[in-house]
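The values are calculated or read from the model by the stated rules, or taken from the named source; none is laboratory data. Every value quoted in this text rests on a predicted model; they were computed, and no experiment measured them. For neighbour counting, all protein chains shown are included, and Cβ atoms are generated from backbone atoms with ideal geometry for every residue, glycine included.
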Amino acid sequence: MKTETVDPLRSPPPAFGLPEAEQVAGRVFGVAGLLTPLPSERDLNFRVDDGRGTSFLLKLQNPADDADVVEMQTEAMLHVARNEPSLPVMRIVPTLSGEHWAEVPGEDGRISLARLFTFLEGHNPAAEELDPQALHAWGVTVARLGRALRGFFHPAAGYPILWDVRRASALRPMVPHIRDERRRALVEHVLDRFEANVTPALGKLRAQVIHNDMSLDNVLVDVRGRITGITDFGDMTHTALVCDLAVALSDVLDGRPDSLDVAGAMIEGFQSVTPLEEEERRLLADLVATRSAIAIVISAWRLGLYPENSAYVSTFGDGAWRLLELFEAEGFDQVGGRLRETSRPGALPYRPAPSDDLLVRRRGAMGRAPLSYRRPVHVVRAEGTWMYDAEGRRYLDAYNNVPVVGHGHPRVVEAIAEQTRHLNTNTRYVHEAAVELAERLLASMPRTAGFDRVLFANSGSEANDVAWRIARFVTGRPGAIVSEFAYHGVTEATADLSPEEWPRGYAPAHVALVPGPDGYRGRYRREDARWASRYGAEVGVVAAALEDRGTPLAAMFVDLAFTSDGILCP
């Protein structure tokens, strides 16, 4: 049977009533008993109970199904049974003539392939039934199934199917079937992100034949939520390996309000068998969102084709909407950062300690310290310009000066990881990267500035301490000028240059203060045309004072922006 010009998703299900299905079971497979119809998107499925305690699954394939594709699915199931026999995959029951299937005509004359399998007990779970242990085991099973299919290939593995996440762009013409304008725009946004972020990287991802549908409808569990059966290989295809995990995450998490909190359990389970590569971790969130968008588009499209089957078809889209709306509310990049961090090698699902307990533990282990708010902010993660506390509250970070290009910038993270993989040492040795960085820093300086050497340090305290030592050595003088609320470090020398840190009543004799150039609230205001020069004149006054008391000026320390005296940019 070869029907390359007919799309199975456009083709009506097979035309068999219950009596006709009973005849197929008996005539083709020699099995008689009670038949119970089971739900299906495009095939006909029946449970067959023979009355002697044995049950089977009779599947009548959609007439549009390509026999080569069915053969691929069959060979894949046999391959899994040989390589991972403990996986709960249905076993194939041959026909009376020893074949894996038989061609049977339906009431409308169309030919279907009839197949029989062992029946696996269990039930299809609701997403919220699955606790973290069950989700971990689900991730393990997804990875084991992928591992069992490693090395398997069939000429039909490249058969295009709409459920292949890699082919998501092909669904663009079907998006108008989504009637709700806001939801349609959300799906378009997901596809835009897919084409911008995922499509250029597809060639870098590990690829093989995968199951491609470890969803709630295709997996059976026991009363504890542990997997007892993997039922449907109908969406198998050769695609990116990580799509197996993305599909499972998309479906298993789509109805849960705690989706992002428990995703780590499934990811951790998957990685206990198959660790993700860096590019796979980076793209995981977009792949999950894209799979949800695919479910929404196909559901809307098929609702128009088969309104009589709306109760079943609509289940594909309902939960997917909830997951995409969660992604939108959290921020797609923020969700990507969370999943990427969760899937980092060695990472465990992060469950922040209660804030009050953590504050007590901090005081016990680190002592008391002045913090920025009456109720200290318990930060747990950050992405870009945003920081998040333990309750999920988001803060715009306009204060931290360490991640100058934003928190978790992927190029910075990747550069750090890449360098650590190659070499992690100091400048005691001749090291090309260190020399190149020094050359680039010097090249960025004005030619007239006189900078001709670079000395690397690990912190601002170290850098300022060395600068102070050089200034004293070169000038032979001991005095310093800083602004009134400056902070320049924690070493003994730089703490003396940091009035913000001075204990009450302490003022080192070799340090003089000048006011920060605040033109709005300071000593001299912008209404005065000479306000800037007046602040500059203060430097001459205090330098003379240092000279008078026998501590002539060696250096003046100022920030490029006076951030300790307010946010004052010269």
**Report entry** Out of Val104, Val48, Val80, sole residue that is crowded, with 17+ Cβ neighbours inside 10 Å, β-branched (Val, Ile, Thr) and more than 27 Å from Pro155 (Cα to Cα)
**Finding:** Val48
Query raised in the report: Among the candidates Ala545, Ala561, Ala532, which residue alone is surrounded by 13 or more Cβ atoms within 10 Å (Cβ to Cβ), of a type in the set (A, V, I, L, M) and not assigned by TED's automatic domain parsing to the domain that holds Asn464?
Result: Ala561
Query - So Leu96, is it touching a Phe, Trp or Tyr at 6+ places or on another chain (Cβ under 7 Å), part of a strand (DSSP E or B) and not aromatic (Phe, Trp, Tyr) - result: no
Report task. Kindly list, by first and then second residue, each pair from a residue in the stretch 468-493 that is in contact (Cβ under 8 Å) with a residue 40 or more places away in the chain and within 15 Å of Pro552 (Cβ to Cβ) to a residue that is hydrophobic (A, V, I, L, M, F, W, C) and part of a loop (DSSP other than H, G, I, E, B), limited to pairs with Cβ atoms under 6 Å and residues at least 6 apart or on different chains. Result -> Ala480/Leu497
Query raised in the report: So how many residues does the stretch 213-260 have that are free of Cβ contacts under 8 Å to residues at least 24 places away in the same chain and either hydrophobic (A, V, I, L, M, F, W, C) or within 24 Å of Arg281 (Cβ to Cβ) (or both)?
Result: 2
Report task. For residues that are closer than 20 Å to Arg110 by Cα and in a loop (DSSP other than H, G, I, E, B), tally how many sit in the stretch 25-63. Result -> 7
Report task. Take the stretch 439-460 and flag every residue that is of a type in the set (A, V, I, L, M) and either more than 23 Å from Val402 (Cβ to Cβ) or under 35 Å from the mean Cα position of the chain (by Cα) (or both). Result -> Leu441, Leu442, Ala443, Ala449, Ala457
Report summary line: Within the stretch 142-165, residues within 20 Å of the chain's Cα centre (by Cα) and not small (Gly, Ala, Ser) come out as Val142, Asp164, Val165
Query raised in the report: Considering Pro517, Pro499, Pro508, which residue is more than 47 Å from the chain's Cα centre (by Cα) and assigned by TED's automatic domain parsing to the domain that holds Pro552?
Result: Pro508
Report task. Sort out for me the strands (runs of 3 or more DSSP E) sitting completely within the stretch 383-502 that have 3 or more residues that are crowded, with 16+ Cβ neighbours inside 10 Å. Result -> 386-389, 479-483
Query raised in the report: Would it be correct to say that Leu58 is among the hydrophobic types (A, V, I, L, M, F, W, C) and in contact with a Gly (Cβ under 6 Å, 6 or more places away or on another chain)?
Result: no
Report summary line: Per the list (1) outside the structural domain of Pro88 (by TED's automatic domain parsing); (2) crowded, with 18+ Cβ neighbours inside 10 Å; (3) in contact with an Asp or Glu (Cβ under 8 Å, 6 or more places away or on another chain), residue check on Val209 breaks on (3)
Requested in this report: Scan the stretch 184-226 residue by residue and report those that are under 17 Å from Met77 (Cα atoms) and touching a Pro at 6+ places or on another chain (Cβ under 6 Å).
Outcome: none
Query raised in the report: Quick check: is even one residue across the stretch 9-25 without any contact (Cβ under 8 Å) to a residue 40 or more places away in the chain and surrounded by 19 or more Cβ atoms within 10 Å (Cβ to Cβ)?
Result: yes
Query raised in the report: Would you pick out the residues in the stretch 111-147 that are among the β-branched types (Val, Ile, Thr) and in a helix (DSSP H, G or I)?
Result: Val140, Thr141, Val142
Report task. Check off (1) more than 18 Å from Gly540 (Cα to Cα); (2) assigned to a loop (DSSP other than H, G, I, E, B) for Gly516 and give me the number that stays unchecked. Result -> (1)
